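Working notes, beginning with the structure itself.
The values are calculated or read from the model by the stated rules, or taken from the named source; none is laboratory data. Quick caveat, the model's predicted, so the values are computed rather than measured. As a convention, Cβ positions derive from the backbone with ideal geometry for all residues, glycine included, and neighbour counts pool all protein chains shown.
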Amino acid sequence: MQRRLVLGSILGAALLTLGGCGGGDTAVAAAPASSDATSATAITALSTQLATIPASTLSTEEASALVFMREEEKLARDIYQLLFTQWGQKVFSNIAASEQQHMDAVALLLTRYGLPDPAAGTAVGVFHDAHVQELFNTLMAQGQTSLIGALSVGATIEDLDIADLQQRIAATDNADIALVFGELMKGSRNHLRAFISQLTKQGVTYTPQYITQAEFDAIVNSATEQGSI
């Protein structure tokens with residue numbers, strides 16, 4: 001079912017804080033350059049898939065979901081970049097590169113529907129959404145305490161990301177949004193598996209905060225998924 005595009009108060013509110021949110025001491029690095037060749041190939045393949053799906057109209061909620069997920073994926077990328085700098089663990093740099101692909105994937109939909117990009121021109125650790133900014137600040141503080149704290153932050157981000165994507169997939173009937181968010185979900189499940197593996201090596205058990213224990217167990221006890229961005 002196609003619905004009328006409404007870019008009303010919710011989307012407007014998400015962007016009213018343009019330039020007004022600071023990242024504190026962690027907002028020191030510039031955003032990374034464009035994705036490498038592997039990432040570019042993955043995004044090109046996704047773009048080709050999207051070209052086969054007719055664009056539909058958006059509800060206010062769908063438009064807001066795209067804007068929000070662009071920033072949530074940026075939050076993940078930024079935190080992992082900074083935690084790699086501090087702790088030097090490859091899991092952070094590898095997943096940061098994947099999160100850049102996730103950002104690029106959401107950007108395809110922003111461009112397709114002519115929506116403003118909340119991540120455009122922002123430094124690492126700076127967000128327009130006040131909730132995302134607060135979450136960034138809280139998680140970075142936790143991640144700087146210890147390597148276990150940092151790995152737990154990674155698991156928490158992926159736990160949250162999966163829950164947020166589930167909610168937004170359930171709320172859309174647009175095939176292109178479902179496609180992109182579904183690919184992001186595959187990647188997030190793989191990231192969660194990676195962080196849980198690292199925590200297990202440290203003798204730490206992570207308890208999910210956003211998805212159910214049953215969902216968590218099903219993810220970490222299954223194989224890495226192929227074909228995700």
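Summary table below
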item: Options 130, 194, 214; residue that is in contact with a helix residue (DSSP H, G or I) (Cβ under 9 Å, 6 or more places away or on another chain) and of a type in the set (A, V, I, L, M, F, W, C); result: 194
item: Tally, over the stretch 169-198, of residues that are of a type outside the set (Gly, Ala, Ser) and over 16 Å from residue 151 (Cβ atoms); result: 14
item: Single condition residue 121 does not satisfy, out of (1) assigned to a helix (DSSP H, G or I); (2) over 27 Å from residue 52 (Cα atoms); result: (1)
item: Number of the condition not met by residue 142 [criteria: (1) within 15 Å of residue 211 (Cα to Cα); (2) in contact with a Gly (Cβ under 6 Å, 6 or more places away or on another chain); (3) not β-branched (Val, Ile, Thr)]; result: (1)
item: Selection status of residue 157, over 19 Å from residue 95 (Cα atoms) and assigned to a helix (DSSP H, G or I); result: no
item: Residue selected from the stretch 127-163 under the condition crowded, with 21+ Cβ neighbours inside 10 Å and of a type in the set (Asp, Glu), by the criterion farthest from residue 206 (Cα to Cα); result: 129
item: Every pair of residues 6+ apart whose Cβ atoms lie under 7 Å, when the first sits in the stretch 49-62 and is under 13 Å from residue 172 (Cα atoms) and in a helix (DSSP H, G or I) while the second is at pLDDT 95 or above and among the aliphatic types (A, V, I, L, M); result: 61/171; 62/177
item: Selection count, the stretch 164-223, where residues are buried (at least 20 other Cβ atoms within 10 Å of the Cβ), small (Gly, Ala, Ser) and outside any helix (DSSP H, G or I); result: 0
item: Cβ-Cβ under 9 Å pairs, at least 6 apart or on other chains, the stretch 211-229 side over 21 Å from residue 97 (Cβ atoms), far side loosely packed, with under 10 Cβ neighbours inside 10 Å; result: 213/207; 216/207
item: Condition met for residue 33 (aliphatic (A, V, I, L, M), closer than 22 Å to residue 228 by Cβ and at pLDDT below 95); result: no
item: Residue 119, sole failed condition from (1) surrounded by fewer than 23 Cβ atoms within 10 Å (Cβ to Cβ); (2) among the aliphatic types (A, V, I, L, M); (3) farther than 27 Å from residue 45 by Cβ; result: (3)
